[in-house]
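Participant: I have a structure here, written as structure tokens, and I will follow up with some questions on it.
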Amino acid sequence: MTIIKTPIEGCLLIKPRIFNDDRGYFFEAFNRQKFADATGFDIDFIQDNQSYSTKGVLRGLHLQKGEHAQAKLVRVTKGAVLDVAVDLRKGSATYGQHYSVVLSEENNDQFFIPRGFAHGFIVLSDEAVFQYKCDNYYNKESEGGLHYADPDLNIDWNMSIADVLVSDKDLELPFLKDASDFGF
């Protein structure tokens, strides 16, 4: 695997080593020891999640607050998404900044997002299957997030905001300037 550091400390793009032949391809999606050796993060992922969405569905920007914060390793097994992480770590040099990357079944890239970030994605293809590993269990009482159209974040979702499909719950999320402390 190849590890690419992003402009936001801790967020990493992971490119797998893919073995192609006339039968198809093979790659190791995750190996805890190799991940720790390559990144310096010895993460114990304890929950795997998967979602299916259609073009224009925007999920996010979500997070788990305080002691329930989650690091995530995300990837797409069908289709393509624009994946976004927003740094909410107090004292971070990149607080309030975001990084985005296209993840797809063609590139097989993975994106590591440490604790202390809001996270979301928008589906760019007709449909997408999105998978992610978490290092902490989901806790409903610790849900939080930011509004996807926050003008201060200025995220380019690669699609007109008027065309996105968003849950009612995500429409109610606050802008960063109005958000309470997330415990990071």
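Participant: Please go through segment 53-83 and pick out each residue that is of a type in the set (Lys, Arg) and under 21 Å from residue 143 (Cα atoms).
Facilitator: Hits for segment 53-83 are 59, 65, 72.
Participant: Give me a count of the residues in segment 134-162 that are touching a Leu at 6+ places or on another chain (Cβ under 7 Å) and closer than 21 Å to residue 182 by Cβ.
Facilitator: Of the residues in segment 134-162, 8 are touching a Leu at 6+ places or on another chain (Cβ under 7 Å) and closer than 21 Å to residue 182 by Cβ.
Participant: Within segment 13-39, can you find the residues that are surrounded by 12 or more Cβ atoms within 10 Å (Cβ to Cβ) and of a type in the set (Gly, Ala, Ser)?
Facilitator: Correct list: 29, 36, 38.
Participant: Could you check how many residues of segment 143-170 are closer than 21 Å to residue 82 by Cβ and without any contact (Cβ under 8 Å) to a residue 12 or more places away in the chain?
Facilitator: Number of matching residues: 4.
Participant: If I ask for residues that are more than 21 Å from residue 113 (Cβ to Cβ) and of a type in the set (Lys, Arg), which ones from segment 157-184 would you list?
Facilitator: Once the filter is applied, which keeps residues that are more than 21 Å from residue 113 (Cβ to Cβ) and of a type in the set (Lys, Arg), segment 157-184 yields only 177.
Participant: Considering each of 97, 70, 64 in turn, give the residue that is in contact (Cβ under 8 Å) with a residue 24 or more places away in the chain and either in contact with a Lys or Arg (Cβ under 6 Å, 6 or more places away or on another chain) or surrounded by fewer than 18 Cβ atoms within 10 Å (Cβ to Cβ) (or both).
Facilitator: 97
Participant: I'm trying to understand the selection: among the residues of segment 30-46, which are out of contact with any Phe, Trp or Tyr (no Cβ under 9 Å at 6 or more places or on another chain) and charged (D, E, K, R)?
Facilitator: If the condition is that a residue be out of contact with any Phe, Trp or Tyr (no Cβ under 9 Å at 6 or more places or on another chain) and charged (D, E, K, R), then 34, 37, 44 are the ones that fit.
Participant: Specify the residue that is surrounded by the most Cβ atoms within 10 Å (Cβ to Cβ); the eligible residues are those in segment 137-184 that are within 18 Å of the chain's Cα centre (by Cα) and hydroxyl-bearing (Ser, Thr, Tyr).
Facilitator: 148
Participant: Report the residue count in segment 75-107 for those that are farther than 18 Å from residue 58 by Cα and of a type in the set (Gly, Ala, Ser).
Facilitator: So the count comes out to 4.
Participant: Scan segment 40-55 residue by residue and report those that are exposed (fewer than 11 other Cβ atoms within 10 Å of the Cβ), out of contact with any strand residue (DSSP E or B) (no Cβ under 7 Å at 6 or more places or on another chain) and in contact (Cβ under 8 Å) with a residue 24 or more places away in the chain.
Facilitator: Passing the criteria: only 44.
Participant: Step by step: first the residues of segment 103-140, then only those that are without any contact (Cβ under 8 Å) to a residue 40 or more places away in the chain and not in a loop (DSSP other than H, G, I, E, B), then the one that is farthest from residue 70 (Cα to Cα). Which residue is that?
Facilitator: For segment 103-140, the residue satisfying everything is 104.
No lab work stands behind these numbers, since they all come straight from the coordinates. What you are looking at is a predicted structure, and each value in this text was computed from that prediction instead of being measured. For neighbour counting, all protein chains shown are included, and Cβ atoms are generated from backbone atoms with ideal geometry for every residue, glycine included.
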